[in-house]
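Here the structure comes first, spelled out in structure tokens, and everything after it is commentary.
The values are calculated or read from the model by the stated rules, or taken from the named source; none is laboratory data. Computed from a predicted structure; not experimentally measured. Every residue, glycine as well, gets a Cβ built from its backbone with ideal geometry; the counts of neighbours run over all protein chains shown. For accessibility, only protein heavy atoms count, side chains too; no ligands or nucleic acids. Shrake-Rupley method; radii C 1.70, N 1.55, O 1.52, S 1.80 Å.
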Amino acid sequence: MSTSSQSPLRSVAVFCGSTPGKNPSLMDAAYEAGRVIAERGLVLVYGAGGGGLMGAVSQGALDAGGEVVGFIPTLMVEREWGRSDLTEFHVVDTMHTRKAGMAERADAFLALPGGLGTLEEIFEVWTWRTIGYHSKPVGFLDVDGFWTPLLQALRGISAAGFVRGSVIDDAVVEPTIERALDALAARCTVTGQQLRPGF
């Protein structure tokens, strides 16, 4: 199954690393993710970074003729961490404003490999979904099993009684961008799908 113009999934916010990491295949996967997002006619929403996986995912989308919407705080622009050659380039005042802008523009959220910033971003929107602030699906692109240790840790937290198993099961976890987008689109088409508030 693939997304189409009839799907409620029209844009995807991607969270990912601003550095390339040590595994070259992750950069390739990020570029491929941007390319596939664009080829499916979806808008890529991301943090407007120019380096690492952020640079790769945006370049993949741009090379495929896609729309790329970036949000970046002034401080990062001053440090020359951003790229302005995007369809839309929004310079905002704070990280909070950045995340709010991305959340508003996106119909779904997908975490590619990354570090603390990526974790903070995906966990925030996942938490928002869980407590009922929005119904947009969240997911992890599990390239080469990158997210497997984290997800195993979450299962342990669930077993300890702090996160319901249904919350973890609700997240999309797929090894390829095609399957991840299909799963996110399927969740978007479930009208009114909402988890019971609470963790």
(Q) What distance in nm lies between label points placed 7 Å from Cα along the C-beta direction at GLU88 and ASP169? (A) 3.6 nm
(Q) Just want the answer: with Cβ charges of +1 for Lys and Arg and -1 for Asp and Glu, which residue in GLY34, ALA106, PRO137 is farthest toward the dipole's positive end in the chain? (A) PRO137
Q: Kindly express, to the nearest 10 degrees and within the range 0 to 90, the angle between helix 116-131's C-alpha long axis and the longest C-alpha principal axis of the chain.
A: 50 degrees
(Q) For GLY21, what residues show an amide H to amide H distance below 5 Å, using hydrogens built from the backbone and excluding near sequence neighbours? (A) none
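Semi-axes of the equivalent ellipsoid for region 118-195, please: Cα gyration tensor eigenvalues, times 5, square-rooted, ordered largest first, whole Å.
With the √(5λ) rule applied to region 118-195, the semi-axes are 19, 18, 11 Å.
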Q | region 95-170 - charge dipole about Cα centre, Lys and Arg +1 at Cβ, Asp and Glu -1, debye rounded to 20 | A | 180 debye
Q | Net dipole in debye of the chain [+1 Lys, Arg Cβ; -1 Asp, Glu Cβ; about Cα centre; nearest 20] | A | 520 debye
(Q) Ignoring ligands, DNA and RNA, please state the percent of accessible area on region 38-115 from carbon and sulfur, probe 1.4 Å. (A) 49 percent
Q: Compute the long axis of helix 177-188 from its Cα atoms, compare it with the longest principal axis of the Cα atoms of the chain, and write down the angle in degrees, 0 to 90, nearest 10.
A: 60 degrees
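Looking only at the chain, where both bridge partners belong to it, what percent of the DSSP beta bridges are antiparallel (to the nearest 5)?
If we restrict to bridges inside the chain, about 5 percent are antiparallel.
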Q. Helix 52-63 versus the longest principal axis of the chain: what is the Cα-based angle in degrees, 0 to 90, to the nearest 10?
A. 70 degrees
**Q.** Qualifying chymotrypsin sites (Phe, Trp or Tyr not before Pro) for region 28-133 [loop in DSSP, other Cβ within 10 Å: at most 13]
**A.** TYR133
Q) Looking at region 1-76, which trypsin sites (Lys or Arg not before Pro) are in a loop (DSSP not H, G, I, E or B) and have at most 14 other Cβ atoms within 10 Å? A) LYS22
Q. If packing is taken as the mean number of other Cβ atoms within 10 Å per residue, what is the order of 145-155, 11-21, highest first?
A. 11-21, 145-155
**Q.** 5 Å-binned pair-distance histogram of region 1-111 (Cα, whole percent)
**A.** 2, 14, 24, 26, 19, 11, 4, 1, 0
(Q) If I take every Cα pair under 8 Å that is 6 or more residues apart in region 43-127, average their sequence separation and divide by the length, what percent do I get for the relative contact order? (A) 27 percent
Q) Roughly how many Å² of HIS96 are accessible to a 1.4 Å probe, to the nearest 10? A) 140 Å²
Q. Direction-averaged shadow area of the convex hull around the Cα atoms of region 64-155, nm²?
A. 7.2 nm²
Q: Using the heavy atoms of the protein chains and a 1.4 angstrom probe, tell me the accessible area per residue for the chain in square angstrom.
A: 46 Å²
**Q.** Shape box of the chain [Cα atoms, principal axes, largest first, Å]
**A.** 44, 36, 33
